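Undergrad: Pasting a structure below so you can have a look.
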Amino acid sequence: MEKHKRIKRELSFKGNIVDFYSDTIEIDNNKQVIFDYINHKGASAMVAVDSEGKILMVRQYRNAIDNFTLEIPAGSKDPGEDNLTCAIRECEEETGYKPQDVKHLVDVHTTVAFSNELIRVYYSTNLVASKQQLDEDEYIDIERHSLDDLVSMIFAGNITDAKTIAALLAYKTKMNL
């Protein structure tokens, strides 16, 4: 197995959510290669299940793919914020429901080839009505779907978001549904 050693990491661009770096990596004490690296501050997500067993989903425009997506509520951690607090806050802000009795579900590294982004996913079947508090740049529609319908949407190619796919399939498995 090859041995890799980081020789240098140079900041190329500092963004609002991520920082872009060029990493110089030495392989087998012999060859140096350059890798792109994106540092992410961390994120959390929530599988929020209402009293009727429907999962709250958010439909929103995503610039990177120039399309609308159907996702579980999620977002980046605020400075000093832990993952559980982030997941609860993001769910409440995006859906207008505050999760109670929250449990950890799964962790997802979204794009291991070039980013350290790790999303910790939680779930709750106890939601308390609150108020949607969207960020200035967020335009979100809330939808409720059965887990079976969402799994069908995954395999039909209608849900392509990695964290959402991992979370819904993990939830289905965990709950033996």
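The values are calculated or read from the model by the stated rules, or taken from the named source; none is laboratory data. Since the structure is predicted, the reported quantities are computational estimates derived from the model, not experimental observations. A quick note on method: Cβ atoms are made from the backbone with ideal geometry, for glycine too, and the neighbour counts reach across all protein chains shown.
Undergrad: Enumerate the strands (runs of 3 or more DSSP E) found wholly within region 91-177, keeping only those where 3 or more residues are over 14 Å from A43 (Cα atoms).
TA: Here the list reads 97-100, 126-129, 140-145.
Undergrad: Report whether or not V58 is in contact (Cβ under 8 Å) with a residue 40 or more places away in the chain, under 30 Å from E143 (Cβ atoms), surrounded by 11 or more Cβ atoms within 10 Å (Cβ to Cβ) and not assigned by TED's automatic domain parsing to the domain that holds Y122.
TA: Taking the combined requirement at face value, the residue does not satisfy it.
Undergrad: Whether any residue in region 150-170 is at pLDDT below 95, in the same structural domain as D82 (by TED's automatic domain parsing) and in contact with a helix residue (DSSP H, G or I) (Cβ under 9 Å, 6 or more places away or on another chain) is what I want to check.
TA: No - not one qualifying residue is present in region 150-170.
Undergrad: A follow-up question, please. Across region 159-177, what is the total count of residues that are closer than 18 Å to H109 by Cβ and of a type outside the set (G, A, S)?
TA: Residues meeting the conditions: 7.
Undergrad: Also, I was wondering about something else. Could you check region 27-37 and list, in sequence order, the residues that are touching a residue at least 12 places away in the same chain (Cβ under 8 Å) and either surrounded by fewer than 17 Cβ atoms within 10 Å (Cβ to Cβ) or touching a Gly at 6+ places or on another chain (Cβ under 9 Å) (or both)?
TA: Matches in region 27-37: I27, D28, N29, Q32, I34, F35, D36.
Undergrad: Taking the residues in region 61-82 that are buried (at least 19 other Cβ atoms within 10 Å of the Cβ) and in a loop (DSSP other than H, G, I, E, B) as candidates, determine which candidate is modelled with the lowest pLDDT.
TA: It comes out as K77.
Undergrad: Would you check which residues across region 39-55 are crowded, with 17+ Cβ neighbours inside 10 Å and either closer than 25 Å to V128 by Cβ or at pLDDT 95 or above (or both) and list them?
TA: Scanning region 39-55 gives A43, S44, A45, M46, V47, A48, V49, I55.
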